[in-house]
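Working notes for the structure below.
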Amino acid sequence: MKKKILVTRSSMPDLEEYIEEIRDLWDSHWLTNMGEKHNVLERELKEYLQIPNISLFSNGHMALELVIQAMGFPEGGEVITTPFTFASTTHAIVRNGLKPIFCDISEDTYTIDASKIEELITDKTCAIVPVHVYGNVCDVEKIEAIALKNNLKVIYDAAHAFGISYKGRGIGSYGDASMFSFHATKVYNTIEGGAICFRDERLGQRLNQLKNFGIEDEEHVLGVGANAKMNEFQAAMGICNLRHIETEILKRKKVYERYLENLNNVPGIILPHHQCDVKPNYAYFPVLIDNKYDINRDIVYNRLAERGIHARKYFYPLTSTYECYATNSSITKTPIALSISKQVLTLPMYADLQLEDVDIICKIIKDGVAQ
Ligand code: T4K
């Protein structure tokens, strides 16, 4: 059978290590609802991520949706965000009764172009939801200054940014809140899972209620909550994976550097941009296939797929072009995002990807470009 290489592959601890971690659940019978492992993981993540406060969730999407709800924005409020992201970011805004206002992105980092935010602010704007897409850090300083000046909240979608620091500070400490995803496909996983890091402790109380049906205590329900708690099996996976995170990131670095060596100076291939002051996590390896050359992104995607290599077009199409948002947005206002979404290909990237496989992937790409 032809070897298949997928865009990513979950990092997992040794089976014995996980079994050891979950063994005591058979004594306690306490499987969810903020159990002991959940609390241990919260403490450990707070330290690792260098953040003041954290609340764990069943997945990243519910974390984002509920932190937006927790902010209590008025119905119909506007949220400035990026269309170059996974469906979750836009859905989390809209499912809160808010309107996404799509801002274009920067050509270098593919994150929201902070110089274009202010022109989109109206008297209905209540928040900015930028995304550290691929683990590229947004212009956090400029965004903070805009938010302060205009009295807006900033909630980062940091789904891709686990373990990243900027200017020596954990990335989750910027803005009013940040959401990390711990999905199986991420640098760090709890099978499914997510977290909100936040500045104001009062937000924590609200988040803890919202993820548990709005329950304050046995006789009081304070709000229209959901169920988005992280269970003990997820937390146990998180505890195990956190022990190995630095090794995993180092292995990813090697893969990342091998791609750079192979694809450097290949005409038509635009490589990820290096960011100063950032400790990266090597979450993704996105390249742009510049359509000035005879080859386009879809041809490269198909050539790789024919050889069992499944790259992905993250993030094509733009969320603003989804049918469900067709009447709610204007893609003509984000020409850079539109152009990048048509050129981008995220190549396989995970800690255990063999360097020889990276060479094979790059050869297919180079041969295609040379034709
Ligand atoms: N915001 C942003 C910017 C995001 O990217 C995401 C999620 C979210 C918010 C929401 O966070 P979560 O609620 O998911 O925590 C995947 C992931 O499901 C999704 O988490 C992720 N972003 C998105 C970028 O990628 P798909 O539909 O592409 O996944 P799928 O099932 O095609 O898997 C991709 C590859 O991953 C597979 O080919 C093989 C590998 N894989 C997958 C699974 C499910 C594994 O190795 N193990 C696995 O268990 O969305």
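I need the shape label for the chain. Rule: rounded when a/c is under 1.5, else prolate if a/b > b/c, else oblate, with a, b, c from the alpha carbon gyration tensor.
It is oblate, given that a/c is not under 1.5 and a/b is not larger than b/c.
All other residues with a Cβ under 14 Å from the Cβ of PRO52 taken together, and with Lys, Arg as +1 and Asp, Glu as -1, what is their net charge?
Spelling it out: positives minus negatives among the neighbours equals 0.
Which of rounded, prolate or oblate describes region 268-326 when judged by the alpha-carbon gyration tensor and an a/c cut-off of 1.5?
Note, shape of region 268-326 comes out oblate.
Calculated from DSSP H runs of 4 or more alone, at -39500 (n - 2.57) each and per residue, what is the 222 nm mean residue ellipticity of the chain, nearest 500? All intermediate terms of the calculation are to be shown ahead of the outcome.
Numbers: 12 runs with 132 residues, N = 371.
Theoretical 222 nm ellipticity from helices: -11000 deg cm²/dmol.
Please state the shape class of region 1-141: rounded when a/c is under 1.5, otherwise prolate if a/b exceeds b/c and oblate if not, all from the C-alpha gyration tensor.
prolate
May I ask you to list the aspartates and glutamates whose Cα is less than 19 Å away from that of LYS363, ignoring any residue fewer than eight positions away on the same chain?
Of all the aspartates and glutamates, those that pass the test against LYS363 - Cα under 19 Å, at least 8 places apart if same chain - are GLU257, GLU261, ASP290, ASP294, ASP298, GLU306.
Under a point-charge model restricted to the Cβ atoms of Lys and Arg (+1) and Asp and Glu (-1), what is the dipole moment magnitude of the chain relative to its Cα centre, in debye to the nearest 20? Don't skip to the end; give the middle numbers.
Values: 40 positive and 49 negative charges, 227 e Å.
Dipole of the chain, to the nearest 20 debye: 1100 debye.
Per-residue counts of other Cβ atoms within 10 Å, averaged by peptide: what ranking do you get for 230-237, 272-279, 131-138, 110-117, highest first? Don't skip to the end; give the middle numbers.
Details: 230-237: 24.5, 272-279: 13.5, 131-138: 26.0, 110-117: 21.9.
Going by the mean number of other Cβ atoms within 10 Å, highest first, we get 131-138, 230-237, 110-117, 272-279.
Taking a threshold of 29 Å on the Cα-Cα distance, which of the pairs LYS167/LYS333; LYS167/LYS313; LYS4/LYS254; LYS292/LYS313; LYS124/LYS342 fall above it?
LYS167/LYS333; LYS167/LYS313; LYS124/LYS342
Return the whole-Å distance between the Cα centroid of region 168-183 and the Cα centroid of region 1-47.
Cα centroid of region 168-183 versus Cα centroid of region 1-47: 21 Å apart.
Hey, what do the phi angles of region 18-35 turn into as Karplus ³J(HN,Hα) couplings, whole Hz, using 6.51/-1.76/1.60 and θ = phi - 60°, x for Gly and Pro?
3J(HN,Hα) across region 18-35, in whole Hz: 5, 4, 4, 5, 8, 3, 6, 5, 6, 8, 7, 6, 9, 9, 7, 6, 6, x.
Order by neighbour count: TYR48, TYR256, fewest other Cβ atoms within 10 Å first, most last.
Neighbour counts put them in this order, fewest first: TYR48, TYR256.
To make sure I understand the rule: partners must be lysines, Cα under 29 Å from the Cα of LYS229, and not fewer than 8 residues away in the same chain. Which ones qualify?
Within the straight-line cut-off, LYS229 pairs with LYS37, LYS46, LYS99, LYS153, LYS186, LYS211.
At most 10 other Cβ atoms within 10 Å and a DSSP loop assignment: could you name the trypsin sites (Lys or Arg not before Pro) in region 9-39 that fit?
Details: sites: ARG9, ARG23, LYS37; in loops: ARG9, ARG23.
Here the trypsin sites (Lys or Arg not before Pro) that fit, given the DSSP loop and packing criteria, are ARG23.
So how much slack lies between THR32 and GLU75, counting 0.36 nm per residue of separation and subtracting their Cα-Cα distance, in nm?
Stretched fully, the THR32-GLU75 segment lengthens by 12.2 nm.
Read-outs: derived from the displayed coordinates by stated rules, not from any lab. Please read all numbers here as calculations on a predicted model, not as lab measurements. Note that each Cβ is placed from the backbone with ideal geometry, even for glycine, and that neighbours are counted across all protein chains shown.
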